[in-house]
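To start, the structure under review is shown below, and the notes come after it.
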Amino acid sequence: MSSSYLPATTDSIAQAKEASNPSDAISMLYRVLDDPSSSSEALRVKELAITELSDLLRQENRAQDLCNLLTQLRPFFSLIPKAKTAKIVRGIIDAVAKIPGTSELQIALCKEMVQWTRAEKRTFLRQRVEARLAALLMESREYTEALTLLTSLVKEVRRLDDKLLLVDIDLLESKLHFSLRNLPKAKAALTAARTAANAIYVPPAQQGTIDLQSGILHAEEKDYKTAYSYFFEAFEAFNALEDPRAVFSLKYMLLCKIMVSQADDVAGIISSKAGLQYVGPELDAMKAVADAHSKRSLKLFETALRDFKAQLEEDPIVHRHLSSLYDTLLEQNLCRLIEPYSRVEIAHIAELIELPIDHVEKKLSQMILDKKFAGTLDQGVGCLIIFEDPKADAIYPATLETISNMGKVVDSLFVRSAKIMA
């Protein structure tokens with residue numbers, strides 16, 4: 001950064017935009033910010049310079065310089081309204097967030113800004129930075145710290161009745177409880193978010209986020225038809241805004257179709273006008289799963305899981321449901337294969353189902369313990385012995401019914417004799 005400053009005028013900004021390379025432009029914008037003038041025009045130009053500078057630093061992936069810029073601008077923040085300060089601070093934090101691999105830096109930056117806002121008594125800005133910090137902590141799997149922060153923040157925001165921020169925080173709390181596998185609390189937080197959202201105008205992106213979370217929670221409860229309708233609402237909202245989350249909403253819509261055994265509809269949705277915009281690995285992965293499900297082929301299912309590991313296994317929502325689907329499919333196939341036998345080699349079953357022997361053996365033992373069928377594993381000779389389902393003896397229920405009827409007769413006689421004696 002040069003010691004001499006450039007006057008805070010629109011000409012200086014234009015000069016910086018015309019610079020031959022980004023480094024020169026960044027240097028010139030820093031010099032504009034060094035102008036000691038605090039006139040209303042100079043402050044307005046400096047705001048433009050900050051916006052340009054944060055965009056350039058983001059494009060150059062200079063995350064640390066963006067953090068330093070926030071510290072450097074603190075004297076400037078005392079000269080402008082608090083609302084403009086909040087806008088600039090959130091803009092710079094958003095710029096850092098767009099640079100990949102900066103999660104730890106973002107957390108450190110948010111913690112630093114929270115301390116500064118407390119010292120400066122900027123409650124409005126602090127609450128929003130704390131909400132961002134809680135989201136970052138959740139992404140970093142620091143669930144305990146995120147929950148502690150959110151709990152105190154919810155109480156404070158409810159007291160102030162800031163509905164828009166309350167929607168954000170309740171939604172974040174719902175996601176956090178869902179990550180911790182606490183479904184009742186996740187649903188309660190989502191209901192609170194919906195209640196707050198009904199009282200105000202909610203931006204379409206925020207409404208889409210609420211619908212997406214609603215779909216995820218309904219899918220977790222195996223209510224896939226309702227989940228599909230929520231994912232569809234979220235997809236429409238994100239699609240209209242060209243939000244990258246649209247493809248995930250579409251992916252979860254396809255997942256719901258597969259889970260309700262309507263895998264044949266997947267190809268139609270992908271080839272629709274809206275679906276064609278998002279053709280890529282995410283949709284290819286769901287198409288491969290749908291094909292495997294339609295053909296009841298475990299081999300194709302495992303191939304899909306292996307070929308699209310990033311899209312299926314690394315997405316916790318899809319992975320959880322596909323694990324359940326895989327187990328169901330495997331059990332159905334095994335029951336169908338062993339049905340004609342009373343004694344069969346495990347190796348033969350494994351060969352028919354095209355899976356490793358140890359994998360099949362483990363699943364069969366689990367099914368026997370879960371009483372999916374009556375049988376035992378003879379591991380000495382590597383055989384599965386299937387027993388016939390024991391027929392229930394009808395004499396026991398009939399005896400119980402007779403004793404029950406006799407009891408009623410005795411009770412009736414007792415009542416009659418009591419009346420006669422009276």
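Quick notes on this one:
- Probe 1.4 Å, accessible area per residue of the chain, Å²: 55 Å²
- Probe 1.4 Å, all protein chains present, accessible-area order of Asp24, Asp170, largest first: Asp24, Asp170
- Rounded FRET efficiency, nearest 0.05, which uses the C-beta distance separating Ser39 from Lys155 and R0 of 35 Å: 0.25
- Applying the criteria of a DSSP loop state and at most 10 other Cβ atoms within 10 Å to the chymotrypsin sites (Phe, Trp or Tyr not before Pro) of the stretch 118-201 yields Tyr201.
- Ranked order, Asp162, Asp55, Asp35 - accessible area, probe 1.4 Å, largest first: Asp55, Asp162, Asp35
- Using the Cβ-Cβ distance between Ala14 and Glu47 with R0 set to 22 Å, the FRET efficiency from 1/(1 + (r/R0)^6) comes to roughly 0.90.
- When Ile107, Ile395 are compared by accessible area of protein heavy atoms, the largest-first order is Ile395, Ile107, using a 1.4 Å probe.
- Projected label distance in nm at Ser4 and Glu112, using a 7 Å step from Cα toward the beta-carbon: 3.0 nm
- Here is how the number arises for the chain: DSSP H runs of 4 or more residues each give -39500 (n - 2.57), the sum is divided by the residue count, and the result at 222 nm is -24000 deg cm²/dmol.
- Debye log10 I(q)/I(0) for the chain, one point scatterer per Cα, at q = 0.14 Å⁻¹: -1.25
- Of the complete DSSP H runs in the chain, those spanning 30 angstrom or more by Cα along the long axis with a mean Kyte-Doolittle score not below -1.0 are 316-338, 395-421.
- Note on Asp358 and Ser261: the extension gain reaches 32.1 nm, defined as 0.36 nm multiplied by sequence separation minus the Cα-Cα distance.
- Taking other residues whose beta carbon is less than 10 angstrom from the beta carbon of Tyr5, and scoring Lys, Arg as +1 and Asp, Glu as -1, yields -1.
- Gln379/Ser271 FRET efficiency (R0 51 Å; Cβ-Cβ; nearest 0.05): 0.55
- Over the chain, relative contact order from alpha-carbon pairs under 8 Å, at least 6 apart, %: 5 percent
- The trypsin sites (Lys or Arg not before Pro) of the stretch 129-222 that meet both conditions, a loop assignment by DSSP and at most 12 other Cβ atoms within 10 Å of the site Cβ, are Arg141, Arg181, Lys222.
- Rough spin-label spacing in nm, given labels placed 7 Å along Cα→Cβ, for Asp223 and His348: 4.7 nm
- Restraint check, Lys273/Lys295; Lys225/Lys273; Lys175/Lys225; Lys175/Lys222, Cα-Cα greater than 24 Å: Lys273/Lys295
- Apolar share of the accessible surface for the stretch 49-89: 49 percent from carbon plus sulfur atoms, 1.4 Å probe.
- Charge context of Ala267, other residues only, Cβ under 14 angstrom, K/R +1, D/E -1: -1
- For the stretch 150-193, the residues whose amide N sits under 17 Å from a probe point set 7 Å from the Cα of Leu241 along the beta carbon direction are 164-173, 175, 193.
- Selection of GluC sites (Glu not before Pro), the stretch 163-260, meeting DSSP coil and at most 15 other Cβ within 10 Å: Glu221, Glu242
The values are calculated or read from the model by the stated rules, or taken from the named source; none is laboratory data. This is a predicted model, so every value here is computed, not measured. Counting neighbours? That spans all protein chains shown, and the Cβs are built from the backbone with ideal geometry, glycine included. Just so you know, the surface numbers come from the protein's heavy atoms only, side chains and all, with ligands and any DNA or RNA stripped out. Shrake-Rupley method; radii C 1.70, N 1.55, O 1.52, S 1.80 Å.
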